[in-house]
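Okay, structure first, notes after.
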Amino acid sequence: MGQSLKLSQTSVLSPELQVQSKDYLQIAKDLAQEFAKTAIERDKQGGTPQAERDRIRSSGLLSLVIPKQYGGAGENWITAFQISREFAKVDSSLAHVYSYHHLGVTIPHIFGSESQKEQFYTKTIQNQWWWCNALNPLDRSLVLTPHQDYFILNGAKSFCSGSHDSDVLPITAVNSETQAIIILAIPSNRLGIKINHDWDNIGQRQTDSGSIHFENVRVYPEEVFGDRTQTDIPFRTIRACLTQLNLAHIYLGITEGALTAAKHYTLTETRPWLTSTVNQTAEDPYILQHYGEMWVELQAVIHLTERAAILLQSAWDKEIALSEEERGQCAIAIAAAKVTAAKTGLRITNRIFEVMGARSTNSRYGFDRYWRNLRTFTLHDSIDYKVQEIGKWALNNQLPQPSFYS
């Protein structure tokens, strides 16, 4: 990737957290360097990044957020988000599927009983399970029907990120009797499950975010965690906060990666404009203006995102003692980070071409993937509604009400 761009000279993370997380971050950085070598070609190919997923499996990073008492690394969410951000700098598809593993593996912790939490954490470590994401609560075409001493699952689910090469499917389904949205987790290879190869979008091309069909799939009581729509216990709504902040970190990583790649190209390939009065591109006042403005904009994203991560970790640590006020303050901070990361990222991933020039649009460079990936991923849910939530807080001191996405 060439010379790196120093995006931030200071960090809101404490030195203690930075030292504690150093080894895991270094593993991620080393892997990211490997992934960068094939990222452009793999983006063109689409499909499953099997070799790269295998490297992540063997690295030990899948056990990152699992508590030490169950055999995991016992790391914090700050580190997990930083690692996703590192991957996103070179390959946001891998950042996507890697980060959603952590959002999946903690589902029994958030929604399940103590015995379910222990069972799934322990088995994930023992079997090196990779969790994917098949929740998508807006898609209610999957139905869970009670049957004797088990359940039957029928229907389909869309936007199932990381489903190929996964071991566990966390799912939401509509209870046929109560119409409640039930959250559960079952093996990806269970009889009656068909994971389709139908993800063919302009960005995030190696996330396998297509559909899954379920035909008379058995689900056992110990695999069912309960009604996801219950919001009376703030900690049971924390996953939406995790998801939103995870998105902000990946948006940030994509943008950092784009700006670093642009800097290297500008310094090594871009020529001064024919009517300019400078001999070197690095002296062009307009290019300097662009880089200065982009760098400043990115600092806001970095600091908002890192601040939100600290608040999120504090909320997670409180678990059942988390209050509605604390949860709400955390959600506002995350919303501000996500909105800023999305808007700034879309501007910068488009603007980098102005400081690189026409030759940079050649497909061999793959610079367009930063914008395509970010444009695809920022449509995960509406930024407009996030801004409205922030407006309600800014004007009326009204904290966000817990939902699937806030």
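The values are calculated or read from the model by the stated rules, or taken from the named source; none is laboratory data. Since the structure is predicted, the reported quantities are computational estimates derived from the model, not experimental observations. In this analysis, Cβ positions are derived from the backbone assuming ideal geometry, glycine residues included, and neighbour counts consider all displayed protein chains.
For Arg364, are the conditions met, namely being loosely packed, with under 15 Cβ neighbours inside 10 Å, at pLDDT 95 or above, of a type in the set (Lys, Arg) and more than 21 Å from the chain's Cα centre (by Cα)? Quick ask: steps written out before the conclusion?
Working: loosely packed, with under 15 Cβ neighbours inside 10 Å: yes; at pLDDT 95 or above: yes; of a type in the set (Lys, Arg): yes; more than 21 Å from the chain's Cα centre (by Cα): yes.
Spelling it out, Arg364 is indeed loosely packed, with under 15 Cβ neighbours inside 10 Å, at pLDDT 95 or above, of a type in the set (Lys, Arg) and more than 21 Å from the chain's Cα centre (by Cα).
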- [ ] Scan the range 30-54 residue by residue and report those that are of a type in the set (Lys, Arg) and surrounded by 15 or more Cβ atoms within 10 Å (Cβ to Cβ).
- [x] Arg42, Arg53
Open item on the list: Condition first: surrounded by 13 or more Cβ atoms within 10 Å (Cβ to Cβ) and over 30 Å from Gln398 (Cα atoms). Can you find one or more residues in the range 322-329 that meet it?
Closed with: no
Task: Which numbered condition Asp198 misses (of (1) part of a loop (DSSP other than H, G, I, E, B); (2) more than 28 Å from Tyr70 (Cα to Cα); (3) touching an Asp or Glu at 6+ places or on another chain (Cβ under 7 Å)) - done: (3)
